[in-house]
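Beneath this line is the structure, given in structure tokens, with notes to follow.
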Amino acid sequence: MGADDKPALYRELGIQLAALIADEADIVANTANMAALIYHRLPELNWAGVYFAREGELVLGPFQGQPACVRIAWGKGVCGTAAARGATVIVPDVDAFPGHIACDAASRSELVVPLLSGGRVVAVFDLDSPRPARFDDEDRAGIELLAAILVRNHPDWR
Ligand code: SME
């Protein structure tokens, strides 16, 4: 696997994530390991973690990186926008995204993938990078793959 073979890296991470969470039903434990796996295996990240959907807003869950804002309103920031759309958002330049919420001043670009269960957004997974335009469609597909593996392990997640 070449260092630039992102699809192969994400496939490998998918196998590792599936193994990490297979025998565990606790969503906090499993999202904690997912955040740690991604943060330590993907290059050029300064933050990786989850926000849970709680009563119409997003609440901080397990993550790796600097301390972050705890609550994000539905529709606000990159995370709230991805949650409201139920679709992945890639932001190549956070300064050019209206309403971007700056948790870590080092962040230059961002990728947020919603986690969908039973047709509902139950959480979002957020990646930040200190490099502008760090995330492309291969990262989108890769993180969406990991999100699908997580959600599949939690069929009762609501
Ligand atoms: N930048 C995000 C907030 C979360 S932090 O990046 C960890 C946003 O605009 O929603």
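The values are calculated or read from the model by the stated rules, or taken from the named source; none is laboratory data. The shown structure was predicted, so the numbers you read here are calculated from the model rather than taken from an experiment. All Cβ positions, glycine included, derive from the backbone under ideal geometry; neighbour counts span all protein chains shown.
Suppose the filter is within 12 Å of the ligand (Cβ to nearest atom) and buried (at least 16 other Cβ atoms within 10 Å of the Cβ); does Val70 pass it? So Val70 fails the test.
Residue by residue through segment 12-54, note down the ones that are closer than 27 Å to Ala105 by Cβ and surrounded by fewer than 17 Cβ atoms within 10 Å (Cβ to Cβ). Break it down stepwise before answering.
Looking only at segment 12-54, we keep the residues that are closer than 27 Å to Ala105 by Cβ, and these are 31-32, 34-54.
Of everything in segment 12-54, those that are closer than 27 Å to Ala105 by Cβ and surrounded by fewer than 17 Cβ atoms within 10 Å (Cβ to Cβ) turn out to be Ala36, His40, Arg41, Pro43, Glu44, Arg54.
Could you tell me which residue of segment 130-153 is nearest to the chain's Cα centre (by Cα), considering only residues that are assigned to a loop (DSSP other than H, G, I, E, B) and away from the ligand (no atom under 16 Å from the Cβ)? Quick ask: steps written out before the conclusion?
Going residue by residue through segment 130-153, those that are assigned to a loop (DSSP other than H, G, I, E, B) are 130-136, 153.
The next check asks that each one be away from the ligand (no atom under 16 Å from the Cβ); those that pass are 136, 153.
Details: Asp136: 14, Asn153: 16 Å.
Ranking the qualifying residues of segment 130-153, first place goes to Asp136.
Could you look through segment 77-129, keep only residues that are of a type in the set (D, E, K, R) and more than 7 Å from the ligand (Cβ to nearest atom), and pick out the one that is nearest to Leu45 (Cα to Cα)? Talk me through it step by step, then tell me what you get.
From segment 77-129, those of a type in the set (D, E, K, R) are 85, 93, 95, 104, 108, 110, 120, 126, 128; that's our starting set.
Now drop any that are not more than 7 Å from the ligand (Cβ to nearest atom), which leaves 85, 93, 95, 108, 120.
Numbers: Arg85: 24, Asp93: 14, Asp95: 17, Arg108: 10, Arg120: 28 Å.
Filtering segment 77-129 for residues that are of a type in the set (D, E, K, R) and more than 7 Å from the ligand (Cβ to nearest atom), the one nearest to Leu45 (Cα to Cα) comes out as Arg108.
Contact map, segment 129-158: first residue within 21 Å of Phe52 (Cβ to Cβ), second residue buried (at least 16 other Cβ atoms within 10 Å of the Cβ) and at pLDDT below 95, Cβ cut-off under 6 Å, separation 6 or more or different chains; pairs are Val151/Ser117; Trp157/Ser117. Within segment 95-118, residues that are touching a residue at least 40 places away in the same chain (Cβ under 8 Å) have Cβ atoms under 7 Å from residues that are part of a loop (DSSP other than H, G, I, E, B) and near the ligand (Cβ under 7 Å from one of its atoms) in these pairs: Cys103/Ala68; Cys103/Cys69, counting only partners at least 6 apart in sequence or on another chain. When you go through (1) more than 16 Å from the chain's Cα centre (by Cα); (2) at pLDDT 95 or above one by one for Met1, which number turns out not to apply? Met1 satisfies every listed condition except (2).
Summed over segment 1-34, the residues that are hydrophobic (A, V, I, L, M, F, W, C) and without any contact (Cβ under 8 Å) to a residue 60 or more places away in the chain give a count of 9.
Could you list all residues from segment 60-83 that are touching a residue at least 12 places away in the same chain (Cβ under 8 Å) and among the hydrophobic types (A, V, I, L, M, F, W, C)? Those that are touching a residue at least 12 places away in the same chain (Cβ under 8 Å) and among the hydrophobic types (A, V, I, L, M, F, W, C): Phe63, Ala68, Cys69, Ile72, Ala73, Trp74, Val78, Cys79, Ala82, Ala83.
Within segment 117-129, the set of residues being out of contact with any helix residue (DSSP H, G or I) (no Cβ under 9 Å at 6 or more places or on another chain) and either farther than 19 Å from Gly75 by Cβ or part of a helix (DSSP H, G or I) (or both) comprises Gly118, Ser129.
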